[in-house]
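Engineer: First the structure, then my questions, so here it is.
The values are calculated or read from the model by the stated rules, or taken from the named source; none is laboratory data. Keep in mind the model is a prediction, meaning the values are calculated, not measured. Ideal geometry is used to build each Cβ from the backbone, glycine not excepted, and the neighbour counts take in all protein chains shown.
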């Protein structure tokens, strides 16, 4: 079984990219176009190192970019393919784009992508050795259903106001609920022994009493998919996905790649297992970075981690935080990958 990795990346220091962003920024939501959303902590090289070290069975890495590439990347390596937005997009009139959700609507168009692949962000690190069956078993994505009885974001919006990300997840679910019936889903997918008691109870109520899904839990870590699922979803929702694809910056009517995940969950096209093996921390400042390093040092239970640079981080902390995180990554992944040029 071939398993590819797919991840988008942007170089915020690219002058040509900056000029395009300024040209099209217009009146978009401030947070959708904030500098923090495009900040790069130079973790990509460590993502590549961690894949090569801890997932040596991988087939190929597809790196999606606006057209630039990391200066250290040897794109002659046969195990990496740089896919430009021009190659990726179904409709080139949607370009240029500065919205990861828009990019994700075009993932079904990646040529030569293996049927089994893992989608991830450019700040997700594979921390310990990982076997193929962590991602795929019996040819299906390893995943879990964890529903809730309250619509996502209701309390959050009451306390802190609306969030585009929350709206996007709800948009995904609205499409799924219009096409999939949780009442038809077999109980084996809703009550696996790896699920918590709360998961099992909520899933039972969602199926047998509510008859629909208000919320599906997820973790911010590498997500396994089947390419055939992406193609099926695109054929079903091409109009809605094209509309989302046209959003150059994030908007409340976006869809995200979790649309594909919700589809395979509600179709029963996954292997049920809930793995508590990730670590995620929003880094708002220096103390958060130090705490993350402390939590992760020597931790053999964590397969993946993501140190998410929070959009509210004080710009005065950026340099110190960058040094703390990169020092930790360099210590754990000191060997260059085969994707890095010597000079």
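Engineer: Being outside any helix (DSSP H, G or I) and either free of Cβ contacts under 8 Å to residues at least 60 places away in the same chain or surrounded by fewer than 18 Cβ atoms within 10 Å (Cβ to Cβ) (or both) is the filter here, so list the residues in segment 123-139 that pass it. I'd like the intermediate steps shown before the answer.
Structural biologist: Quick first cut of segment 123-139, residues outside any helix (DSSP H, G or I) only: 123-131, 135-139.
Listed by number, the residues that qualify are 128, 129, 131, 137, 138, 139.
Engineer: Also, I was wondering about something else. Here are some residues: 343, 282. Which one is surrounded by fewer than 19 Cβ atoms within 10 Å (Cβ to Cβ), under 27 Å from residue 53 (Cα atoms), modelled with pLDDT under 90 and in contact with a strand residue (DSSP E or B) (Cβ under 7 Å, 6 or more places away or on another chain)?
Structural biologist: Values: 343 fails: in contact with a strand residue (DSSP E or B) (Cβ under 7 Å, 6 or more places away or on another chain).
Criteria check complete, one pass: 282.
Engineer: Would you confirm whether any residue within segment 164-180 is in contact (Cβ under 8 Å) with a residue 60 or more places away in the chain, outside any helix (DSSP H, G or I) and surrounded by 12 or more Cβ atoms within 10 Å (Cβ to Cβ)?
Structural biologist: Yes, because at least one residue in segment 164-180 is in contact (Cβ under 8 Å) with a residue 60 or more places away in the chain, outside any helix (DSSP H, G or I) and surrounded by 12 or more Cβ atoms within 10 Å (Cβ to Cβ).
Engineer: Another question, then. What is the residue count in segment 238-250 for residues that are in a loop (DSSP other than H, G, I, E, B) and surrounded by fewer than 21 Cβ atoms within 10 Å (Cβ to Cβ)?
Structural biologist: Restricting attention to segment 238-250, the residues satisfying the condition of being in a loop (DSSP other than H, G, I, E, B) are 246-250.
Next cut, surrounded by fewer than 21 Cβ atoms within 10 Å (Cβ to Cβ) only: 246.
The qualifying residues number 1.
Engineer: In segment 289-343, which residues are part of a helix (DSSP H, G or I), over 22 Å from residue 222 (Cα atoms), free of Cβ contacts under 8 Å to residues at least 60 places away in the same chain and out of contact with any helix residue (DSSP H, G or I) (no Cβ under 8 Å at 6 or more places or on another chain)?
Structural biologist: Across segment 289-343, the qualifying residues are 291, 294, 315, 316, 319, 323, 327, 331.
Engineer: Still on this model: Considering only segment 69-116, state which residues are outside any helix (DSSP H, G or I), free of Cβ contacts under 8 Å to residues at least 60 places away in the same chain and surrounded by 16 or more Cβ atoms within 10 Å (Cβ to Cβ). Working first, answer last.
Structural biologist: Initially, segment 69-116 is screened for residues outside any helix (DSSP H, G or I), giving 69-84, 89-91, 95-99, 105-106, 110-116.
Now drop any that are not free of Cβ contacts under 8 Å to residues at least 60 places away in the same chain, which leaves 69, 71, 75-76, 78, 81-84, 95, 111-112.
Once the filter is applied, which keeps residues that are outside any helix (DSSP H, G or I), free of Cβ contacts under 8 Å to residues at least 60 places away in the same chain and surrounded by 16 or more Cβ atoms within 10 Å (Cβ to Cβ), segment 69-116 yields 69, 81, 82, 83, 95.
Engineer: Looking at 331, 301, 290, which is the one that is within 30 Å of residue 203 (Cβ to Cβ) and either more than 21 Å from the chain's Cα centre (by Cα) or surrounded by fewer than 18 Cβ atoms within 10 Å (Cβ to Cβ) (or both)? Before the answer, list the steps.
Structural biologist: Values: 331 fails: within 30 Å of residue 203 (Cβ to Cβ); 290 fails: within 30 Å of residue 203 (Cβ to Cβ).
Among 331, 301, 290, only 301 is within 30 Å of residue 203 (Cβ to Cβ) and either more than 21 Å from the chain's Cα centre (by Cα) or surrounded by fewer than 18 Cβ atoms within 10 Å (Cβ to Cβ) (or both).
Engineer: Report, by residue number, each residue of segment 264-276 that is outside any helix (DSSP H, G or I) and touching a helix residue (DSSP H, G or I) at 6+ places or on another chain (Cβ under 8 Å). Talk me through it step by step, then tell me what you get.
Structural biologist: We begin by selecting, within segment 264-276, every residue outside any helix (DSSP H, G or I); these are 268-276.
Listed by number, the residues that qualify are 268, 269, 270, 272, 274, 275.
Engineer: Further, regarding this structure: Give the number of residues within segment 200-226 that are buried (at least 19 other Cβ atoms within 10 Å of the Cβ) and assigned to a helix (DSSP H, G or I).
Structural biologist: 4
Engineer: Answer with yes or no whether residue 253 is surrounded by fewer than 20 Cβ atoms within 10 Å (Cβ to Cβ), at pLDDT 90 or above and part of a helix (DSSP H, G or I). Quick ask: steps written out before the conclusion?
Structural biologist: Details: surrounded by fewer than 20 Cβ atoms within 10 Å (Cβ to Cβ): yes; at pLDDT 90 or above: yes; part of a helix (DSSP H, G or I): no.
Here the answer is no, as residue 253 does not meet what is asked.
Engineer: Give all pairs with beta carbons closer than 9 Å in which a residue from segment 205-224 that is on the phi > 0 side of the Ramachandran plot and touching a residue at least 12 places away in the same chain (Cβ under 8 Å) meets a residue that is part of a helix (DSSP H, G or I) and surrounded by 16 or more Cβ atoms within 10 Å (Cβ to Cβ); count only pairs at least 6 apart in sequence or on separate chains.
Structural biologist: 211/182
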